[in-house]
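The values are calculated or read from the model by the stated rules, or taken from the named source; none is laboratory data. All values derive from a computational prediction rather than experimental measurement. Quick reminder, even Gly has a Cβ in these numbers, built from the backbone with ideal geometry, and neighbours come from all protein chains shown. When the accessible area is computed, the model is the full protein with side chains, heavy atoms only, and any ligands, DNA or RNA have been set aside. Shrake-Rupley method; radii C 1.70, N 1.55, O 1.52, S 1.80 Å.
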Amino acid sequence: MAKENFGSKVGAILAAAGSAVGLGNIWRFPTETGEHGGAAFIIIYVAFMLLLGVPIMVSEFVVGRHSQRSVSESFCMMSGGRRIWRLMGLIPAVAGFLVLSYYAVVAGWTLYYTYATATGQLAGKTPEQFVSDFNAFSSDPVQPLVWMTILLIINGLIVALGINRGIERGAKIMMPLLFIFILILVGCSLSLPGAKDGLTFLFKPDFSKVDGHVVLNAMGQAFFSLSVGLCCLCTYACYFRKDVNLMKDAVSVGTIDTMVAILSGIIIFPAVFSVPGITPNEGFSLVFITLPNVFQQVFASMPTLAYFFSLTFYLLLVMAALTSSISMLEMPVAYFHENHHMSRPVATAICTIVCIVLGAACALSFGKWSNIQIFGMTFFALFDYIVCNIIMPLGALLTCLFVGWVVDERVLKDELTNCGTLRAPYYPIYRFIIRYFAPICIALIFINCI
Ligand code: PHE
């Protein structure tokens, strides 16, 4: 089937960066950093990103771009026609549904908080009210479902428009806006009284908090944040043009992703340290309970600034969540569109409906269905566990083994050098990492965390 391509190199980078930069950077990264020793966690995270994340991303790019077909066909074709590798196509199809279903719940919360901030509903609340409001909202049987559905429909409309008109155009509009919002917020945050303490917390490593569990979390965070392991970037790379420099793009995406994560820390921690009595390790509720409270207290004498700061922050979250969830939906949509010859709008509609149903189960995990547990986990926690602890490391491991050991080395070199037109001095290191280092690291960590 003839494929649509990203129209420009910039479009390809922005779409991949859009997938990478998401709630994982702005919500999960500061939470993990706050809980696991500030800069100590960041150092381990950056090491994983450089040594594992970027090489795996390059490998996904190579597979996707080489055949410019669906993930299953790419793997089958590059293995010399071994049909067993077609099964790899199931990873993005299944993982896309699972990851989007719980991600959309949190993305829906961000949409609600944007609305509540814009309409002034968060103004004038006490710290206790922020807690009770969040608990009441997240456990409500209807509201979170409605916001999640709105988000998934917007998402579906963008994906249904196709690669150029939907995904690429969406990334070209949303990514620059996202950077502008981040810069505004960093400026505001650095002028707060707690800026020095916040930055010290973020950049002064506390290695006493580092143990095996922290190392696992740092790897999980690096994979999730870069969107690697689910063949999501492989799906996107099918639409890359032949002149895209795969290594350069992967390094750019990794750099943008890490910068956004660290800048989010620079936005959040100075704000948190500006209010006495609030600790940086508030976990899950950091973004939805602590921050609205912090914004309000920090700007107590300037309500307009509080309004502006909060609204910009939640808009940033919505934008980041959307660009990532687009890539999540594209995984199953591409599967059905290409493997089962469904039209793109029909495939998008069906996948969106499935995600709304599965997402409803995840949304209800915080209220009515909190007592429904499978292996001791709610639907939300179970989906997160399956994606982050099982499918992601497994997908990453198989991708490394495939590119390192199965793919013909000439094909690999051709892809990395664009048929000899680019230099690839990093090649021996890259090949060593994907053949030996990455599979061993992932296997060890994988075995440990199951
Ligand atoms: N990288 C995204 C984020 O940081 C999440 C994501 C995971 C997107 C897997 C696509 C695939 O939020």
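Relative to the longest principal axis of the Cα atoms of the chain, the long axis of helix 392-401 makes an angle of roughly 30 degrees. Of the chymotrypsin sites (Phe, Trp or Tyr not before Pro) found in the stretch 229-278, no site is in coil according to DSSP while having at most 12 other Cβ atoms within 10 Å of its Cβ. With R₀ fixed at 56 Å, the C-beta to C-beta distance from Leu90 to Gln129 puts the FRET efficiency at about 0.75. Against the chain, whose longest principal axis comes from its Cα atoms, helix 143-160 is set at around 30 degrees. Excluding ligands, DNA and RNA, the accessible surface per residue across the chain is 38 Å² with a 1.4 Å probe. D by Stokes-Einstein for the stretch 203-307, Kirkwood Rh over Cα pairs, 25 °C, 0.890 mPa s: 144 µm²/s. Label sites at Ile173 and Lys209, each approximated as a point 7 angstrom past Cα along Cα to Cβ, lie 3.9 nm apart.
Lysine pairs in the chain 8 or more apart or on different chains: how many have alpha carbons under 24 angstrom apart? For the chain, the number of qualifying lysine pairs is 14.
The accessible-area ordering, largest first, of the residues Phe336, Phe383 stands as Phe336, Phe383, per a 1.4 angstrom probe. Extending 7 Å from the Cα toward the beta-carbon at both Val354 and His340 defines two label points whose distance is 0.6 nm. Between the helical axis of 54-67 and the dominant principal axis of the chain, each derived from Cα atoms, what acute angle in degrees is found, rounded to the nearest 10? Around 50 degrees separate the two axes.
Between the beta carbons of Val10 and Lys368, assuming R0 = 35 Å, the FRET efficiency works out to 0.15 to the nearest 0.05. By accessible area, using a 1.4 Å probe on protein heavy atoms only, the stretch 9-449 has 69% of its surface on carbon and sulfur.
Taking 1.002 mPa s as the viscosity and 20 °C as the temperature, the Stokes-Einstein diffusion coefficient of the stretch 176-240 based on its alpha-carbon Kirkwood radius rounds to 139 µm²/s. In a DSSP loop and with at most 16 other Cβ atoms within 10 Å, the trypsin sites (Lys or Arg not before Pro) in the stretch 181-249 are Arg241, Lys242.
In whole angstrom, the chain maps to an equivalent ellipsoid with semi-axes of 35, 24, 21, each derived as √(5λ) from the alpha carbon gyration tensor and ordered largest first.
Calculated from DSSP H runs of 4 or more alone, at -39500 (n - 2.57) each and per residue, what is the 222 nm mean residue ellipticity of the chain, nearest 500? Computed mean residue ellipticity for the chain: -22000 deg cm²/dmol.
As a ratio to 2.2 N^0.38 Å, the alpha-carbon radius of gyration for the stretch 1-151 is 1.39.
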